[in-house]
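Written below as structure tokens is the structure these notes are about.
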Amino acid sequence: MKLSKAKHILSRTVPVLIVLFSYSQIAMAQDDPSKRASPPATATGKIGSATITINYGSPSVKGRKIWGDLVPYGQVWRSGANEATTFTSDKDLMVEGEKLPAGKYAFFTIPGEKEWTIIFNKVPDQWGAFKYDSSQDALRVTVKAVPSKEMHERLLYVVDDKSFKMLWENLEVPVSVKSK
């Protein structure tokens with residue numbers, strides 16, 4: 001009788017353990033940023049003597065209309081996915097002719113059909129732009145967006161010797177930078 005009772009307990013316990021194990025694997029995958037639909041990405045480069053690093057979540061177009069739809073015009077955008085995009089420089093910079101002290105910033109934009117507002121905010125560690133506070137802005141500049149030479153399925157940042165650029169879908173947003 002004891003053996004059949006043990007089999008009965010095992011027959012009920014094993015499936016429950018399998019389900020719990022499966023859920024724990026799903027939960028761990030959600031905690032792994034590389035498994036996100038918009039995985040983390042980094043762009044790094046030198047501008048003069050300054051090292052620039054941009055960390056961002058890289059969403060895909062997936063057949064969607066991006067500009068003016070998924071990313072509305074005239075509203076603050078985290079300029080990536082998930083956590084706020086961050087911009088770090090180890091040296092003071094001139095961004096579009098304006099001084100930006102060395103440091104780590106949240107990087108936001110306000111997209112427009114022709115011009116974009118570029119924002120460097122003093123609170124780098126925040127989720128998206130949900131608690132964005134303009135009183136914490138270190139610098140705001142305006143740039144012109146231009147059509148991209150090619151379609152970019154994934155959001156991409158590129159740092160070259162004179163600028164950094166955001167490329168996504170059919171658009172390029174260049175920002176000129178000089179190290180002081």
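Tabulated results
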quantity: Search result, residues across region 96-123 that are of a type outside the set (A, V, I, L, M) and buried (at least 20 other Cβ atoms within 10 Å of the Cβ); calculated: TYR105, PHE107, PHE108, THR109, PRO111, TRP116, PHE120, ASN121
quantity: Evaluation of ARG64 against (1) under 19 Å from the mean Cα position of the chain (by Cα); (2) in contact (Cβ under 8 Å) with a residue 24 or more places away in the chain (one fails), failing number; calculated: (2)
quantity: Identity of the residue in region 68-95, within 16 Å of ILE54 (Cβ to Cβ) and among the acidic types (Asp, Glu), that ends up surrounded by the most Cβ atoms within 10 Å (Cβ to Cβ); calculated: GLU83
quantity: Output for region 43-67, where each listed residue is assigned to a loop (DSSP other than H, G, I, E, B) and either hydroxyl-bearing (Ser, Thr, Tyr) or surrounded by fewer than 16 Cβ atoms within 10 Å (Cβ to Cβ) (or both); calculated: GLY48, SER49, SER58, LYS62, GLY63, ARG64, LYS65
quantity: Filter result for the condition that a residue is surrounded by fewer than 16 Cβ atoms within 10 Å (Cβ to Cβ) and at pLDDT below 95, over LYS35, LYS144; calculated: LYS35
quantity: Test for SER58: is it small (Gly, Ala, Ser), touching a strand residue (DSSP E or B) at 6+ places or on another chain (Cβ under 9 Å) and closer than 23 Å to ASN170 by Cβ; calculated: yes
quantity: Residue within region 86-105 that is among the polar types (S, T, N, Q), assigned to a strand (DSSP E or B) and farther than 21 Å from GLY45 by Cα present; calculated: no
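The values are calculated or read from the model by the stated rules, or taken from the named source; none is laboratory data. These figures come from a predicted structure and were not determined experimentally. Using ideal geometry, Cβ is built from the backbone for each residue, glycine included, and neighbour counts are taken over all protein chains shown.
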